[in-house]
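The values are calculated or read from the model by the stated rules, or taken from the named source; none is laboratory data. A quick note: this is a predicted structure, and the numbers were derived from the prediction, not measured. All Cβ positions, glycine included, derive from the backbone under ideal geometry; neighbour counts span all protein chains shown.
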Amino acid sequence: MQENEIQQELFKIVKVYLPQDVNEDAIQLDSHLMQDLGINSAHLVDIVLDVEDAFDITLDEKDMEAMQTVRDAIEIVTAKIAS
């Protein structure tokens with residue numbers, strides 16, 4: 001899977017959990033999931049579960065802690081798929 005395909009899929013997943021006052025155009029590679037996009041911790045867990053399902057990978061606690069920005073998520077998914 002190409003990095004741009006991973007990015008597109010992640011954008012689709014994150015978009016579902018954006019608060020009503022945040023437009024999907026706000027999703028950028030360097031967007032912090034909680035600070036910039038306003039995603040709460042409960043929805044962050046939902047995003048992790050959706051990412052695991054979408055890419056058929058397993059994320060551990062260390063991965064979840066490292067997943068701060070959209071770019072972080074792409075890098076983690078890319079590494080998991082490669083291993």
Quiz prompt | Meets criteria (surrounded by 15 or more Cβ atoms within 10 Å (Cβ to Cβ) and of a type outside the set (A, V, I, L, M, F, W, C)) for Asp63 | solution = yes
Self-check item: Candidates Asp21, Asp53, Asp72, Asp30 - the one that is surrounded by fewer than 12 Cβ atoms within 10 Å (Cβ to Cβ) and free of Cβ contacts under 8 Å to residues at least 12 places away in the same chain
Solution: Asp53
Practice problem: Have a look at Gln35, Gln8 and point out the one that is part of a helix (DSSP H, G or I) and free of Cβ contacts under 8 Å to residues at least 12 places away in the same chain. | Solution: Gln8
Quiz item: With Leu37, Leu18 as the choices, which residue is closer than 14 Å to Met67 by Cβ and modelled with pLDDT of 95 or more?
Solution: Leu37
Self-check item: Residue count for region 38-65, restricted to those that are hydrophobic (A, V, I, L, M, F, W, C), under 21 Å from Gln8 (Cβ atoms) and not in a loop (DSSP other than H, G, I, E, B)
Solution: 7
